[in-house]
1. Please specify each residue of the range 168-183 satisfying the condition of being under 14 Å from residue 270 (Cβ atoms) and surrounded by 20 or more Cβ atoms within 10 Å (Cβ to Cβ).
2. Here are some residues: 265, 259. Which one is farther than 23 Å from residue 463 by Cα, out of contact with any strand residue (DSSP E or B) (no Cβ under 9 Å at 6 or more places or on another chain), crowded, with 22+ Cβ neighbours inside 10 Å and not assigned by TED's automatic domain parsing to the domain that holds residue 379?
3. Pairs needed: first member in the range 245-267, closer than 16 Å to residue 122 by Cα; second member anywhere, part of a helix (DSSP H, G or I) and aromatic (Phe, Trp, Tyr); C-beta distance under 7 Å; at least 6 residues apart or different chains.
4. Do the conditions hold for residue 278, that is, is it in contact (Cβ under 8 Å) with a residue 40 or more places away in the chain and either assigned to a loop (DSSP other than H, G, I, E, B) or surrounded by fewer than 21 Cβ atoms within 10 Å (Cβ to Cβ) (or both)?
5. Run residue 225 past the list (1) crowded, with 18+ Cβ neighbours inside 10 Å; (2) assigned to a helix (DSSP H, G or I); (3) among the small types (Gly, Ala, Ser) and report the number of the one that doesn't hold.
6. For residue 530, which of the numbered conditions (1) in a loop (DSSP other than H, G, I, E, B); (2) over 30 Å from residue 412 (Cβ atoms) fails to hold?
7. All but one of (1) of a type outside the set (Gly, Ala, Ser); (2) free of Cβ contacts under 8 Å to residues at least 40 places away in the same chain; (3) touching a Leu at 6+ places or on another chain (Cβ under 7 Å); (4) under 24 Å from residue 477 (Cα atoms) hold for residue 426, so report the exception by its number.
Amino acid sequence: MHELWSDLMAHRRQTSHVTIANLFSESEERFNSFSASSSGLLLDFSKTSLDQTALGHLIALAKSQDLPSKIDEMFSGAAINATEQRAVLHTALRADAGTPVVLDGQDIMPAVTETLQRMEGFAGALRSGDFKTANNQVFTDVVNIGIGGSDLGPAMAVQALAPYCNGPRCHFVSNIDGAHVSDILRQLDPETTLVVIASKTFTTIETMTNAKTAVAWLEKALGEAAPLHLAAVSSALDKTAQFGIPPERVFGFADWVGGRYSLWGPVGLPLLIAIGRDNFRAFLSGAQSMDQHFRTADLAENLPVLLGLVGIWHNNICGYPTRAVLPYDQRLARLPAYLQQLDMESNGKRTTLEGTQVKQSTGPIVWGEPGTNGQHAFYQLLHQGTHVVPAEFLIAAQGHEEELAHQHDLLIANCLAQSEALMLGRSLESAREIAAQRGFEGEAQERMAAHLSFPGNRPSVTLAYPKLTPFSLGQIIALYEHRVFTEGVIWGINSFDQWGVELGKELAVSLLPLVQGGEDPNKDGSTLGLLDKLKGPGI
């Protein structure tokens, strides 16, 4: 494998003088050669510096890491999460119920189907008004209390699918900062609000702290009837029972579903409540179609693989340590935050599966905002800054607001213009002409031209889809899940654990007594100094 990395680096050095614009000049078929599609989802990676030789080397690299067999291992239930000795089968949550998925000799699909049907029954009763409040009213609002994977996924998806939300209004509380739960609850009526507590173990400190605050809020209005306004997403039936939540309102999931991959099952309950059974099934179907594509498509035509290989090229070969996710879709405003967790918690690793230190850079820094807002914020850096940031644009052919089609046309124009501008830049000669038109002459013209020029040759990919529907959202999320897996396999790391998250949790628990007045002279000087200022007479 080392030889393949060397070949890629050598090819990059040999072709670094060739611009992306040059590549288009050399081939009229570049767009067709460097794009791929699946069930209406189009990935265009032609505006990158990849050529056929580089792509061939990258595909060889993926094969050298046995990516095809690793894909099969994941879908077949092998314990590929080696450090936790677990299978990785979130894909089973959206699989065809009639196709067995065998784990440890047992088909898990009947249990998956039974849980989904229970969720659909509960959500349907809530939406229809058959399941009523303690005071025999209809529930108008649902508050989901979770954090990380129990919050980012459903919060992102409910916003993304707003045109399909025709059930109770959904709200999300995650931050342990009391301002979050306070700001959400103060706008709601406890007599018509259902609280869903989402924590697999029912021990997550942020979630359980917020849950206790919400329960107290319900009890103040409803007294002993407060548990009638509670449901849970958890596998800890003993702990949910202590909250008075009956088993029929508790929806659990197995340890082969990681938190950041859990939207497809019980963690997606708020989304199911918001959009209803048929739309939720379409959402699962979109993800399932991407699963099938990932499993069966040739690597050279496989969207998650190609997107992963583009990521490897930019991160490891070109040396670009970040990627910007730029959805030109306001309803995908939370997608960059969702992908931050999916990507950075999965692939932010420095140790291989063999326990040795990685030899390449792993997970890049993922960030972004919706367009066109970002254009008036950080795009200056993308175009003229000293850092090259690969951009990932997302755009729909159609919006939902037919009466505002002219605005969607402008949105598309902006999206395509930004990727074009990143690639082409503006030459110094063109900048001189603009400066001259503005009245600058001589040395002043040269200075102004320097400000007006920018280098171009900055890479981007574009993900296009017909419309942001439940099906297409399912495709997009599954695409990025499998992209993360592809990159992790090539780096030889475990994309499904998150030990780096645990240390801060442990230290927070040990620090709480100090915040509340205790002492520990063994703490570092900075921590002791900050405690004294924050809890002492004042800053």
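1. Passing the criteria: 168, 170, 171, 172, 173, 174.
2. 259
3. Pairs that qualify, where the first residue is closer than 16 Å to residue 122 by Cα and the partner is part of a helix (DSSP H, G or I) and aromatic (Phe, Trp, Tyr), are 249/122.
4. Working: in contact (Cβ under 8 Å) with a residue 40 or more places away in the chain: no; either assigned to a loop (DSSP other than H, G, I, E, B) or surrounded by fewer than 21 Cβ atoms within 10 Å (Cβ to Cβ) (or both): yes.
No: the conditions fail for residue 278.
5. (1)
6. (1)
7. Here residue 426 clears every test but (4).
Here's the yes/no breakdown for (1) within 30 Å of residue 299 (Cβ to Cβ); (2) in contact with a helix residue (DSSP H, G or I) (Cβ under 9 Å, 6 or more places away or on another chain):
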site: 487; (1), (2): yes, yes
site: 499; (1), (2): no, no
site: 503; (1), (2): no, no
site: 509; (1), (2): no, yes
site: 516; (1), (2): no, yes
site: 520; (1), (2): no, yes
site: 528; (1), (2): no, yes
site: 534; (1), (2): no, yes
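The values are calculated or read from the model by the stated rules, or taken from the named source; none is laboratory data. These numbers come from a predicted model, not from an experiment. Virtual Cβ from ideal backbone geometry, glycine too; neighbours counted across all protein chains shown.
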